Amino acid sequence: MNTNNTFYAINATTEKPLEGAFQNASIGKINEVVKKATEAFEIYRKKDKNSIADFLDQIAEEIMNLGDSLLERCHLETALPMARLQGERVRTVNQLKLFATVVREGSWVDARIDTAIPDRIPIPKADIRHMLIPLGPIAVFGASNFPLAFSTAGGDTASALAAGCPVVVKGHKAHPGTAELVATAILKAVKKCRMPDGTFSLIHGNSRKVGEDLVKHPEIKAVGFTGSYGGGKALFNYANARLEPIPVFAEMGSTNPVFILPAALKESGDKIAEGMVGSITIGVGQFCTKPGLLFIQKSESTDKFYSQLGNGISKVPGATMLTPDMLKAYNSGIESTLQIGEVELFASGLNGGTTTATSKVFKTSIENFINNKSLSEENFGPTSILVEANSKEEIFEIARNLEGHLTATVHGTDKDLEEYKELFDILELKVGRVLINGFPTGVEVCNSMVHGGPYPATTAPQSTSVGTNAMKRFVRPVCFQNYPQFLLPDALKNNNPFVIWRLIDGGISKSGV
């Protein structure tokens, strides 16, 4: 609901306005918060690693201190079940603590030291040292589908703060009340940890103009975004049209292809079908890792699998999506798919009424899939397309023609995996995460996770938005040549006061120089 410059959160179930008015941030407000962030950066970037780690831990504590009021407001704004929100809160808190652990240990700065060789012939070698330093104020855009873990204090915010960058969050219009509550927790941590004013700010907006003005501000140095292809590409274009272009780390969705190989289909088709039903429909299909494409090679086992998959989908009740607009977009995508020739509505879930999303699975041939590019595009919601191939060669060919995705999954026995080994060589060039005998929904927050992928899944295929490597999006390398010891950052000083791992003259060591 919108009245001039004021808008209200909507109860996702009743579609009625919730208590609390929110203002679209004016250009004056944006200038104010970015100015504070710029001033804070000069202090915050020099904070020692323990202070920043303690700050991240304090944010986690303050979020827990909000208690059930946070979950109750979030439930009203998103219709996500309380149990799901409890789990998401744990994930949000744990990822803050994980970043704190990495910062406190300190080796993530990638310190490298090549000592001087003054008597080298024919040219002396200088003392050269390298480390990562923070970029500056970061704009973060809250995600619709993870109102805690990918929003105000989510992975983008946590990784940017861990890297030494102040953050300006543009809260998602679907859950502004949730964003406001989390922001109060972060600001309490700012005060308790004596961080500079402007280390964190939240602005609201239900128009693209707010996001555009934020990205175009000359003091914003990078952008973190999770959402639609249209939204991410727009921000990318704004950032690259600036006098000083800046990086945009946009995760823009994916259809996450799944390949079910013949022997696995024969041996475990029932378990795969059961797991696939859950993965397609979990969270009303509102996961960026939802499997939206299922590729199967026709065999004597396919009919049984189709029956099991269809039977499972038919029992899934209709459910409320995050916003009415998302439901409209989902239903529009379903109608568009039905208009394409040679596409069969293979299975449909229980219809819960006009305000809920009904799960749908479609089926088509590989030839028709290749001839209709729109079938490979994401429809955000509980739907997937089953594509039937006739041979191993067709499986390889369709894999070669995939665009960039976040994940690809292969179900296969050891015999399958050996016989289709070439498939993995193809897929590792197409996605950020390859899974074997699993399901793509559910992204573990850990040091080795990659949640990213080639365009159009993201705008930055060399990065990840989940896992501790997410910090490296918001830093850049700096080389210090012939610096005296007193001028060097602590991470590069000879005596290694942080006791971190460093690359010294080609060898990894915690020793001094």
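The values are calculated or read from the model by the stated rules, or taken from the named source; none is laboratory data. From a predicted model like this one, the values you see are computed outputs, not experimental measurements. For neighbour counting, all protein chains shown are included, and Cβ atoms are generated from backbone atoms with ideal geometry for every residue, glycine included.
Computed quantities for the displayed model
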| read-out | value |
| --- | --- |
| Residue match in segment 160-181 (condition: surrounded by 24 or more Cβ atoms within 10 Å (Cβ to Cβ), in contact with a Cys (Cβ under 9 Å, 6 or more places away or on another chain) and either modelled with pLDDT of 95 or more or among the acidic types (Asp, Glu) (or both)) | yes |
| Qualifying residue in segment 83-90 (condition: surrounded by fewer than 14 Cβ atoms within 10 Å (Cβ to Cβ), at pLDDT 95 or above and touching a strand residue (DSSP E or B) at 6+ places or on another chain (Cβ under 6 Å)) | no |
| Segments classed as strands (runs of 3 or more DSSP E), wholly inside segment 125-243, with at least 1 members that are within 20 Å of residue 61 (Cβ to Cβ) and in contact (Cβ under 8 Å) with a residue 12 or more places away in the chain | 167-170, 200-203 |
| Among residues of segment 439-494, those that are part of a loop (DSSP other than H, G, I, E, B), in contact with a Lys or Arg (Cβ under 6 Å, 6 or more places away or on another chain) and among the hydrophobic types (A, V, I, L, M, F, W, C), counted | 1 |
| When residues of segment 196-225 are limited to those that are over 18 Å from residue 172 (Cα atoms) and of a type in the set (Lys, Arg), the one surrounded by the most Cβ atoms within 10 Å (Cβ to Cβ) | 221 |
| Flag if residue 71 is more than 15 Å from residue 134 (Cβ to Cβ) and touching a Leu at 6+ places or on another chain (Cβ under 6 Å) | yes |
| Odd one out for residue 119, checked against (1) outside any helix (DSSP H, G or I); (2) in contact with a helix residue (DSSP H, G or I) (Cβ under 6 Å, 6 or more places away or on another chain) | (2) |
| Of the criteria (1) among the charged types (D, E, K, R); (2) closer than 21 Å to residue 227 by Cβ; (3) in contact (Cβ under 8 Å) with a residue 12 or more places away in the chain, which one residue 325 fails | (3) |
| Counted residues, segment 257-281 - those being touching an Asp or Glu at 6+ places or on another chain (Cβ under 9 Å), in contact (Cβ under 8 Å) with a residue 40 or more places away in the chain and surrounded by fewer than 19 Cβ atoms within 10 Å (Cβ to Cβ) | 1 |
| Selection status of residue 56, assigned to a strand (DSSP E or B), touching a residue at least 24 places away in the same chain (Cβ under 8 Å) and in contact with a Leu (Cβ under 7 Å, 6 or more places away or on another chain) | no |
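So that you can scan it fast, the table gives a plain yes or no per residue for (1) modelled with pLDDT of 95 or more; (2) out of contact with any helix residue (DSSP H, G or I) (no Cβ under 7 Å at 6 or more places or on another chain):
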| position | (1), (2) |
| --- | --- |
| 353 | no, yes |
| 358 | yes, yes |
| 368 | yes, yes |
| 382 | yes, no |
| 404 | yes, yes |
| 420 | yes, no |
| 427 | yes, no |
